[in-house]
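Visitor: Pasting a structure below so you can have a look.
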Amino acid sequence: MASRSKTQKRINHPEPKWWRALPDPKKIEMGPRVYDTLYVVRAKYGVPEALFARLHESNTAIANLFNCREAVKQLAKYYTELQDLLLNAAYNEPISFERINEKLFPTAYTKVKGGLLGVLMEIEAALNKNEEYLQDQSIGILLGYILPPKSSPDLLKLSAAATAKFTGGEVIISGKLPKPAKYLYILADRNDGHGQVFVEKIAGAKFIDRHELPNHPVTWTYTVELQDKDGIAIGKVSVVSVTVWKGHADQGEEGGN
């Protein structure tokens, strides 16, 4: 097994130890996600099965004790309310109440091995003997206290998802700027024989086109492209059309792609 410096170990396993990041077993049992995660890690790195059997036994006992404590709290509240009712009810008012329901409480354990924290320490010690585990951060990532590495966005799938709205006097182009896009590069075909022409390049998500409107209904088609900080096109273009003419009422929003 290759040697590994203490500094490298601290990078992969920062303080506090991962088991200290678990819910306090004195207050509440470990959730299913925690136990299932540890079981996955056990299968991957070969932690002795006996440790997980002990972990499950202790954790189950703690879970039942916690549920019992909650039941006692609810029962105490019920009896306090009942006491108040008995003291303050109208003279000769009949009061009914239930006896303690034993189903609220789990079956008592007679023999349970304790030392849950000790078991967790043994599990970590076993994992730290595994070179593959020392180069991994599986537990921290799966339990959520170590953030997984950020994945790079699929640049081919990015889109401005542009929309166009004709207000009767102007066209409002709206879009999105998903990272790493920095600009919306907007072209327009105004159906006037000039073809597609450059309209604007903006470092924002909204543009108001105040181009002169035609006298009769004409469809204007906008092509919106995403560009990065260097002005290089990324993702796929978004195309949206809207019909405009002078004096026309609000047409609402039309979707793009």
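Residue by residue, here is whether (1) more than 30 Å from residue 59 (Cα to Cα); (2) at pLDDT below 75; (3) open to solvent by 100 Å² or more (accessible area, probe 1.4 Å) holds:
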site: 82; (1), (2), (3): yes, no, no
site: 98; (1), (2), (3): yes, yes, yes
site: 112; (1), (2), (3): no, yes, no
site: 115; (1), (2), (3): no, yes, no
site: 123; (1), (2), (3): no, no, no
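Visitor: Residues that are touching a residue at least 40 places away in the same chain (Cβ under 8 Å) and in contact with a Ser or Thr (Cβ under 7 Å, 6 or more places away or on another chain): does the stretch 182-204 have at least one?
Guide: If we filter the stretch 182-204 for residues that are touching a residue at least 40 places away in the same chain (Cβ under 8 Å), which is where we start, we get 182-185.
Right, trim to in contact with a Ser or Thr (Cβ under 7 Å, 6 or more places away or on another chain) and you get none.
The answer is no, given that none of the residues of the stretch 182-204 is touching a residue at least 40 places away in the same chain (Cβ under 8 Å) and in contact with a Ser or Thr (Cβ under 7 Å, 6 or more places away or on another chain).
Visitor: Can you name every residue in the stretch 149-199 that is within 18 Å of residue 244 (Cβ to Cβ), open to solvent by less than 70 Å² (accessible area, probe 1.4 Å) and either part of a loop (DSSP other than H, G, I, E, B) or small (Gly, Ala, Ser) (or both)?
Guide: If the condition is that a residue be within 18 Å of residue 244 (Cβ to Cβ), open to solvent by less than 70 Å² (accessible area, probe 1.4 Å) and either part of a loop (DSSP other than H, G, I, E, B) or small (Gly, Ala, Ser) (or both), then 162, 164, 167, 168, 169, 170, 174, 188, 190, 195 are the ones that fit.
Visitor: Those residues that are part of a loop (DSSP other than H, G, I, E, B), modelled with pLDDT under 90 and open to solvent by 50 Å² or more (accessible area, probe 1.4 Å), I need them from the stretch 217-257; list them, please.
Guide: Passing the criteria: 229, 230, 232, 245, 246, 247, 249, 250, 251, 257.
The values are calculated or read from the model by the stated rules, or taken from the named source; none is laboratory data. Bear in mind that the values here come from a model prediction, so they are computed numbers and not experimental data. Every residue, glycine as well, gets a Cβ built from its backbone with ideal geometry; the counts of neighbours run over all protein chains shown. The area values use the complete protein model at the heavy-atom level, side chains included, leaving out ligands, DNA and RNA. Shrake-Rupley method; radii C 1.70, N 1.55, O 1.52, S 1.80 Å.
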